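The block underneath contains the structure these notes are about, expressed in structure tokens.
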Amino acid sequence: MKIKLPVSAAKFSKSPTANLATGVLVGVGAIFLTGFGANTVQALQLKDKLGKAFPAAEISSVDCKAGPGPLCEVVAGKNVFYADRDGRHAFVGSVLDMKGKKDLTDERLRQLAAMQDGEARIMGASGPAAGPSAQPSAKAAAAGPKVDLAKLAALPKANAVIHNPGAAVKMTIFTDLNCSFCQRLSADLKNVKDIEVTEYLVGILGQDSIEKAKLALCATDRVAALDAIHAGGELKVSGDCAAAEAAVKANTEFFHSAGMQGTPVIIRGDGTINEGWMQTNELRAFLGGR
């Protein structure tokens, strides 16, 4: 039986404010706090509270002085989200400076990506950073960790959204529907027709991510469902979404068992992994660097 969800459950908005959904991003990093004043104590208390509320999130720093406005900036490795000072609400999405006409979240993400790229160079790490400022060469894109292909093959294709089935070039991605860089990658791939993409949806950024992934995998048209979630619209699901919920759980468990930390994760045919968004030309170089 096919049913149409109520508008409250099935409509998604493209509005920046509507995209500030509750949830948390995951990642790793170091905490940068100085002194032990009231702001530092508050930040430490908030970090502890958020860590208990979202045990899967490895929060690296909390800064209640940075804002924006009355919110505290929370950094989780490669990602940024926001929380109120008592830790009751968490907000994921872009914060816009209406006076300065700029995206504060995108600006901060670029700063973090540049810092992490510098740290990786200092530590002698190879491979591209996972931020939009990364400009890897084809040679650099060829390096990186690998996933166990036998274990990946055992993850059912029924758990995924398949784009461009039958295309000659193959790749696998793991995405969270509350991940801004995942949305950027999805937008880029809309214009790519010669790559078959097997997209596994995971729920690592909070309960809202799990619900969105479940709805997408339960939809009568999964590709259209992703468009509705990313860009705004309605979707139709089957009457029973238990199998979709189990699929999201299995995808997420695989994600963690494979040692993946941040989304999107891009995997090419030989199992080489890139964690993070890549421009389309860089993606093609990565996929061809076997």
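What the table below lists for this structure:
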| read-out | value |
| --- | --- |
| List Val223, Val80, ordered by accessible area with a 1.4 Å probe, largest first | Val223, Val80 |
| Accessible carbon and sulfur surface of the range 64-103 relative to its total accessible area, %, 1.4 Å | 55 percent |
| Built amide H within the under 5 Å cut-off of Thr220, gap 5+ | Lys236, Val237, Ser238 |
| Ratio of the Cα radius of gyration of the range 196-290 to 2.2 N^0.38 Å, where N counts its residues | 1.17 |
| For Cys179, residues with placed amide H under 5 Å, excluding near neighbours | none |
| Of all accessible heavy-atom area on the range 180-290, the percent that carbon and sulfur account for (1.4 Å) | 48 percent |
| Area accessible to solvent at His230, 1.4 Å probe radius, in Å² | 40 Å² |
| Per-residue SASA entry for Arg284, accessible area with 1.4 Å probe, Å² rounded to 10 | 100 Å² |
| Rounded Å value of the spacing that divides the Cα centres of the range 224-247 and the range 170-215 | 13 Å |
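The values are calculated or read from the model by the stated rules, or taken from the named source; none is laboratory data. Remember, it's a predicted structure, so these values are computed and weren't measured experimentally. The accessibility values were calculated without ligands, DNA or RNA, using every heavy atom of the protein model including side chains. Shrake-Rupley method; radii C 1.70, N 1.55, O 1.52, S 1.80 Å.
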